[in-house]
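For reference, the structure is listed below as structure tokens.
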Amino acid sequence: MIKNIILFFIFLILPNFSLACDKEDFLKYVSAEKNRCIALQTIGEINKNKKNLIIFLHGDLSSGAKPPGKKGYWKLGNELLSKNVNFFFLARPGYTLDSGRKSYGSYKETRKAKTNYKWEKLELVAKAAQNLKEYYNADNLIMIGHSGGALTSATINSRVPKLIDKSILISCPCDFEKWRKMRGESVYKMKTSPHKNISGISKDSHTIIIVGKNDINTFPILSKKYHEILISKGFKSELHIIEGEHSSSSLIDLSKIIKSYIN
């Protein structure tokens, strides 16, 4: 009895130990546990029991740009809508959506790869995705990531097996160290680089990799090498090197390719 009373008072004075964030409504915010809210933006009609749940992860953005953006990600999202899809843009930790909703975390930490790509940050995205998938009772979670969002999706797909059914990687820096070297930047090891996180991927998961042949940020060779590693280890992977550059809006027939895998 005394033990129960003590635990009760501990709970009262430590409210941040709550598993669900106080803003969670599964439309504007979803919990990533420990009172950490992840901001969401929807497109189209959202209902439970739709077959497919699409979660879109944006790339690394400067302070002047906020996802989803009317000309880029937002346009792509609208092109992917169907009656069988619930579609969510998700603000990665530290970022603010163009609606003004902000995800848990410091924007300052998004400016440095060493803090932006820590597993602690990527894991928050995984937990938020798991909560959405369970709440909406989706048969398939399709996670689409662009650039830094692609790195996030690819790594989650290995570290949290069976969460993602289809991982669609657009303009992926899938070998972090080689990416830094090719860009002429300082090179250091990154534990969350996708090319180091492969063994845990579920054999049932399907990876679709799309990159512009003129991408001089996340060069096509990075996507090609990642695809080849997946295939060599018996994982299901498709590679599309298409007309375009780094931005999703520059990639010709991007939505057509993605739709062929989600309908």
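Determine the percent antiparallel among the DSSP beta bridges restricted to the chain, to the nearest 5.
On the way: 8 of 37 bridges.
Here the share of antiparallel DSSP bridges comes out near 20 percent.
How much length is gained on full extension from L81 to E109, taking 0.36 nm per residue of separation minus their Cα-Cα distance?
Details: separation 28, 0.36 × 28 = 10.08 nm, distance 3.26 nm.
Additional length available on full extension: 6.8 nm.
For the pair N263 and K48, label points projected 7 Å from Cα toward Cβ lie 2.9 nm apart.
Which semi-axis lengths, in whole Å and largest first, follow from the square roots of five times the eigenvalues of the Cα gyration tensor of region 202-263? Could the numbers behind the result be given before it?
Details: eigenvalues 87, 49, 9 Å².
Those come to 21, 16, 7 Å.
On a C-alpha basis, how far is the centre of region 226-263 from the centre of region 29-88 in Å? Whole number, if you could? For region 226-263 versus region 29-88, the Cα centre distance is 19 Å.
Taken about its Cα centre, region 113-263 carries a charge dipole of about 520 debye when Lys and Arg each add +1 at the Cβ and Asp and Glu each add -1 at the Cβ.
Shown here are the Rg and Dmax of the Cα trace of region 129-263, at 14.3, 45 Å.
Taking all Cα-Cα distances within region 113-183, those exceeding 22 Å account for 21%.
Sort region 156-228 into rounded, prolate or oblate with this rule: let a ≥ b ≥ c be the square roots of the eigenvalues of the Cα gyration tensor; rounded if a/c is under 1.5, and if a/c is not under 1.5, prolate when a/b is larger than b/c, oblate otherwise. In terms of gyration-tensor shape, oblate.
Between L27 and Y188, 0.36 nm times their residue separation minus their Cα-Cα distance comes to what? Mind showing how you got there, number by number?
Working: separation 161, 0.36 × 161 = 57.96 nm, distance 3.80 nm.
Extra length from L27 to Y188 when fully extended: 54.2 nm.
Assuming 1.306 mPa s and 10 °C, estimate D for region 21-172 with Stokes-Einstein, Rh taken as the Kirkwood radius over Cα pairs, in µm²/s. Estimated via Stokes-Einstein, D reaches 106 µm²/s. The fraction of accessible area contributed by carbon and sulfur in the chain is 54 percent, rounded to a whole number (1.4 Å probe; ligands and nucleic acids excluded). Looking at region 129-232, the trypsin sites (Lys or Arg not before Pro) that sit in a DSSP loop and have at most 15 other Cβ atoms within 10 Å of their own Cβ are K162, R183, K189, K191, K203, K213. A simple count of charges around K162, restricted to other residues whose Cβ falls under 12 Å of its Cβ and scoring Lys, Arg +1 and Asp, Glu -1, yields +1.
Counting Lys and Arg as +1 and Asp and Glu as -1 over every other residue whose Cβ lies under 10 Å from the Cβ of D98, the net charge comes to +3.
Give the dimensionless ratio obtained when the Cα radius of gyration of region 13-100 is divided by 2.2 N^0.38 Å. Intermediate results must be reported in sequence, preceding the final value.
Working: Rg = 14.1 Å, N = 88, 2.2 N^0.38 = 12.1 Å.
Region 13-100 yields a ratio of 1.17.
Per-residue ellipticity at 222 nm for the chain, helices alone: DSSP H runs ≥ 4 residues times -39500 (n - 2.57), over residue total, nearest 500 deg cm²/dmol?
Values: 9 runs with 84 residues, N = 263.
Dividing the helical sum by the residues of the chain leaves -9000 deg cm²/dmol.
Could you compute the net charge surrounding N197? Neighbours are other residues with a C-beta less than 14 Å from the C-beta of N197; K and R count +1, D and E count -1. The answer is +3. Near the amide H of H206, within less than 5 Å, lie the amide hydrogens of K166, S167, all on another chain or at least 5 residues away, with H placed in the peptide plane. Computed from label points 7 Å out along Cα-Cβ, the spacing between S249 and K236 is 3.4 nm.
What accessible area per residue comes out for the chain, rounded to a whole number of Å², with a 1.4 Å probe? Each step should come with its number before you reach the end.
Working: 12690 Å² over 263 residues.
Roughly 48 Å² per residue, with all protein chains present.
The phi-based Karplus calculation (6.51 cos²θ - 1.76 cosθ + 1.60; θ = phi - 60°) puts the 3J(HN,Hα) values of region 201-212 at 4, 5, 5, 7, 7, 10, 9, 10, 10, 10, 8, x Hz, whole numbers, x for Gly and Pro.
What's the long-distance tail for the chain, i.e. % of Cα pairs beyond 28 Å? Percentage above 28 Å: 31.
The values are calculated or read from the model by the stated rules, or taken from the named source; none is laboratory data. Since we're looking at a predicted model, the values are computed, not measured. For neighbour counting, all protein chains shown are included, and Cβ atoms are generated from backbone atoms with ideal geometry for every residue, glycine included. Side chains are part of the model used for accessible areas, which takes the heavy atoms of the whole protein and leaves out ligands, DNA and RNA. Shrake-Rupley method; radii C 1.70, N 1.55, O 1.52, S 1.80 Å.
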